[in-house]
Amino acid sequence: MPLAKDVALKVPAVRRLKEDRDALRTEVTQLTRETEKLRRQLILERDETSYDYVFIVTYGRTGSTLLQGLLNSIPGYLIRGENDGALEWMFESHRRMNKRIGTKQGSQPVNPWFGLDNYSPQEAADSIRRHLQQVFIKPEPDTRVTGFKEIRWWRRDLVETLEFTRQVFPGARFVLNTRNPEDVARSKWWAKYERDEALAKIADYDARLERAHRELGDLTYPLHYDDYVADPGVFEGLFTWLGESFDREQVDRVMATRHSVG
């Protein structure tokens, strides 16, 4: 058979195979998108209060990313990283609005505060939870405990901020993390401060964390970076507080993985 005729007979078949392949790829892509959309919808429809919440409360360069990795090694845990203090900024707005309730009447269209009478602090807290959950936390289908770690809690009274966090995230608990002040102050993260200023800030943060532990009690669990780096067995108490099984081998694997501590 002449070569030209042989090629002519084969090209349509090859073309059909290519078209079938492209159609299959398109179908798979569409199915993947629909599956992801359904997965996200199922998560959004799940009651946000059905999760347990844990937050890491600390300041910069204390080993909080290591703690984040440790908690995420527990099946069903999803502890996100920092969000630039989004919750604290929302708390400021919430606090200001609460001060206006009862002092400004907004029931009539002629009033400059029209609509304020409809403001509900609890509805606002629920809305903040939904926003943070949908935008920052984004739980997965197998998530049962979630939250985030944050180093920016210091604009206002820490106890008040954590109590507000529990209003937004019912049942929330807090891991309070500290580190040797001299080591913290030497890190590049703190280089913008003079040494004495850095140490003063760290001392202030440590004092606030100590007060939070005194006043909130078992809702908090204090940890010190130098203690658990020297002996990862220290984490057994944390796991007991969380109500989780302590797997020393898994903990050692996490500790052997480099995290952003320096």
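A short reminder: the numbers here are calculations on the coordinates, not readings from a lab. It should be emphasised that the depicted structure is a prediction, and the values quoted were computed from it without experimental measurement. As a convention, Cβ positions derive from the backbone with ideal geometry for all residues, glycine included, and neighbour counts pool all protein chains shown.
Extension gain ASP142-ALA203, at 0.36 nm per residue separation less the Cα-Cα distance, in nm?
18.0 nm
Treat each spin label as a single point 7 Å out from the Cα along the C-beta direction, and report the GLN134 to ASN72 distance in nm.
Calculated label separation equals 2.4 nm.
By how many nm would the segment from LYS192 to GLU249 lengthen if fully extended, with 0.36 nm per residue of separation less the alpha-carbon distance?
16.7 nm
Please list the non-local residues whose amide H lies under 5 Å from the amide H of LEU223, H modeled 1.01 Å from N, same-chain partners needing a gap of 5 or more.
Hits under the 5 Å cutoff: LEU176, ASN177, THR178.
Simple spin-label model, 7 Å along Cα-to-Cβ: ASN111 to ALA23 in nm?
In this crude spin-label approximation the distance works out to 6.5 nm.
Using the Cβ atoms and a cut-off under 14 Å, what net charge is assigned to the surroundings of PHE246, where Lys and Arg are +1 and Asp and Glu are -1?
Around PHE246, the charge tally is -4.
Please order THR165, THR220 by the number of other Cβ within 10 Å, starting at the fewest.
THR220, THR165
Can you compute the modelled spin-label distance between ALA256 and ARG152, with each label point 7 Å from Cα toward Cβ, in nm?
The answer from the label model is 3.6 nm.
Sort 174-182, 250-258, 77-85 by the packing proxy (mean of other Cβ within 10 Å over each peptide's residues), most packed first.
174-182, 77-85, 250-258
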